[in-house]
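Worksheet: one structure, shown below.
No value in this document is a laboratory result; all are computed from the given coordinates. Computed from a prediction, not measured in an experiment: that's the story for all the values here. Don't worry about glycine lacking a Cβ; one is built from the backbone with ideal geometry, like all the others, and counts go over all protein chains shown.
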Amino acid sequence: MSAGYSPQGQSVQAASPPAWRELAATFCIAIAAIGSAPVLHLANPALAITIEVLIGIAIVVAVPTCAPAVAIFVLFFQNLFVSVLSPLVPLPSDLDFIKGYNFLVCSVMWLATLALYVLGQRNQSAEVNRIMRWGVITLAVVSLYFAIGFVQDGQPAAVYLRNIVLPLFLFQLSLLTAATYEVRITPFLVTLAIILMLCGYVELVLRDVWLAITNGHTFWGFDELKATHSGVWEAQMRQTGNVPVTLKDRFSFDFLNTPLLEGFGLSKMLRINGPNMHPISFAYGLGFLALFLFSVGRPLLALAALPLLVFCSVKGALITVIFVAAGWIGTRLIGAVATLLLGFAGMIGFAILAIRLGLQIGDYHVIGLMGGLDGFVQRPYGRGLGIGGNLSDSYFSIDWSAAQAAGTIDGAVESAIGVLLYQMGVASFVLLAFYFAIALKAWRLYASSGYLTQGLAGFGVLVVLLNGLFQEEALFAPLALGLMLSLAGLVIGSHARVQTVAEAEPARLTGYQPVT
């Protein structure tokens with residue numbers, strides 16, 4: 001589902017342009033894959049799980065090129081289907097369970113693809129084999145720390161396992177699919193971006209209409225009930241001093257959620273949550289799609305996404321867009337190598353400045369990072385997944401005033417890298433090194449070709465890793481790191497497939513353009 005790309009990022013007509021029926025079929029498959037989950041669950045949870053597993057396997061076997069697109073779609077839209085059907089959901093626990101079907105579908109597609117790869121039915125080039133070996137080692141290390149954490153506190157350990165492995169699943173799913181087949185993704189992502197922007201602007205301009213058509217009051221009512229019982233609301237009110245009265249109060253935030261902008265009259269703006277019902281994830285998704293649209297020669301559509309990105313009010317997503325755009329521009333002006341080196345220097349300088357400012361103003365993310373670093377020094381071999389972090393019981397008893405005075409806490413919160421260091425110790429560097437290596441691989445492809453989409457994959461993963469210092473969602477929300485790694489898998493897998501074809505049948509590549 002994609003045209004090729006020129007070095008300038010302009011679309012190039014592929015040899016076999018996709019018919020609109022192929023695009024429509026992909027969306028129908030994706031809607032059926034995740035739209036059926038809440039309906040089936042309300043009838044019989046066991047039946048729902050069985051059908052979703054079969055759907056995931058069927059996609060990989062029958063229409064494998066659709067698998068990466070389906071994975072992206074279900075991550076964006078599952079909560080929309082859940083919200084629409086929320087009046088039929090009896091308990092908050094049922095709602096939480098239903099939200100997990102997107103992970104189930106993605107995991108089954110990954111597992112089926114991995115099984116076919118192991119059985120020799122998918123690309124087994126030396127390059128792909130090497131990447132897959134390191135990926136499996138990384139998953140094994142994460143699984144070991146999951147086992148250590150699970151015997152101590154099972155539920156948060158399971159949630160952190162899901163948050164960590166899903167981006168890796170998306171990467172391997174996309175890598176193996178693109179290494180075996182010509183995956184045409186551009187028309188799908190362009191259409192998806194248009195749909196998401198329409199949803200975003202309806203929510204922004206017609207908030208009450210959006211809440212009505214999505215049954216938002218019922219959906220968020222379940223969330224309120226859960227937050228009240230768990231102590232999340234009390235913790236948030238103690239941190240911020242804000243006491244929400246209406247549903248819209250919950251969506252009101254100071255711009256970028258920082259006291260540094262208090263004097264600019266940007267307080268109490270209504271954030272948009274998108275069809276995935278989470279402003280941070282939606283912002284990362286919009287930022288990714290805006291950059292992708294620009295990379296494939298659709299700058300006007302990319303610009304149309306930026307106002308929505310601003311109204312999500314998420315620093316990390318805005319930083320990602322700015323840094324990736326700067327990387328593209330820098331490559332044109334001073335070359336790829338100099339841009340990468342300056343980019344590293346700029347990211348290190350940004351991190352140092354953010355930490356210093358964060359300690360001065362008592363920023364919770366920086367304090368959480370410091371707690372993770374302290375915990376790492378105290379126990380460098382880690383404690384196990386789920387021990388520490390925003391999901392631990394100790395999170396609700398944090399004395400933030402004392403933490404701000406001390407500049408640290410006993411534990412790690414609000415920082416993905418801080419949490420990883422606290423939970424996995426030195427083993428977290430295996431995971432982070434794998435991410436870093438994938439980013440550099442995508443960047444090397446970009447440095448030699450100039451294709452903006454490859455540059456987006458390389459620079460994007462690096463910047464999201466930077467954001468992981470100050471934000472849990474950067475590495476743990478699938479629409480943040482997961483989307484970037486999915487794109488990286490597509491561009492790296494596509495390159496591996498092209499190299500295999502070039503060695504076997506060079507004539508087939510006459511006039512060929514790399515695709516994602």
task: Under 1.5 on a/c is rounded, so check that first for segment 4-509, then, if it is not, pick prolate when a/b is larger than b/c and oblate when it is not; a ≥ b ≥ c are the square roots of the alpha carbon gyration tensor eigenvalues.
output: rounded
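Determine the relative contact order of segment 4-509: mean sequence separation of Cα pairs under 8 Å and six or more apart, normalised by residue count, in whole percent.
Dividing the mean separation by the residue count of segment 4-509 yields 21 percent.
Grab the Cα-Cα distance for L54 and A158, subtract it from 0.36 nm times how many residues apart they are, and report the gain in nm with one decimal.
Numbers: separation 104, 0.36 × 104 = 37.44 nm, distance 2.32 nm.
Result for the pair: 35.1 nm of gain on full extension.
Mind giving me the FRET efficiency for V136 and L359? R0 is 56 Å, r the Cβ-Cβ distance, nearest 0.05 is fine. Display every interim value, and only then the final one.
Values: r = 39 Å, r/R0 = 0.70.
So, using R0 = 56 Å, E works out to roughly 0.90.
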task: With a 10 Å radius around each residue's Cβ, average the other Cβ atoms per peptide and rank 168-179, 372-383, 125-136, highest first.
output: 168-179, 372-383, 125-136
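Based on the mean of other Cβ atoms within 10 Å per residue, sort peptides 334-340, 445-451, 115-121 so the most packed one is first. Don't jump to the answer; show the numbers that get you there.
Values: 334-340: 15.9, 445-451: 19.7, 115-121: 13.0.
Per-residue Cβ counts within 10 Å, averaged per peptide and sorted highest first, yield 445-451, 334-340, 115-121.
What does the charge count around A412 come to, taking other residues whose C-beta lies under 11 Å from its C-beta (Lys +1, Arg +1, Asp -1, Glu -1)? Let's see the in-between values first.
Numbers: positive: R383; negative: D374, D410, E414, E472.
Neighbour charge sum, excluding A412 itself: -3.
With the Cα gyration tensor of segment 287-371 giving a ≥ b ≥ c as the square roots of its eigenvalues, does the rule (a/c under 1.5 for rounded; else a/b larger than b/c for prolate; else oblate) give rounded, prolate or oblate? Let's see the in-between values first.
On the way: a/c = 3.58, a/b = 1.36, b/c = 2.63.
Note, shape of segment 287-371 comes out oblate.
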- request: Could you tell me whether segment 50-192 comes out rounded, prolate or oblate from its Cα gyration tensor? Rule is a ≥ b ≥ c as square roots of the eigenvalues, rounded for a/c under 1.5, then prolate if a/b exceeds b/c, otherwise oblate.
  value: oblate
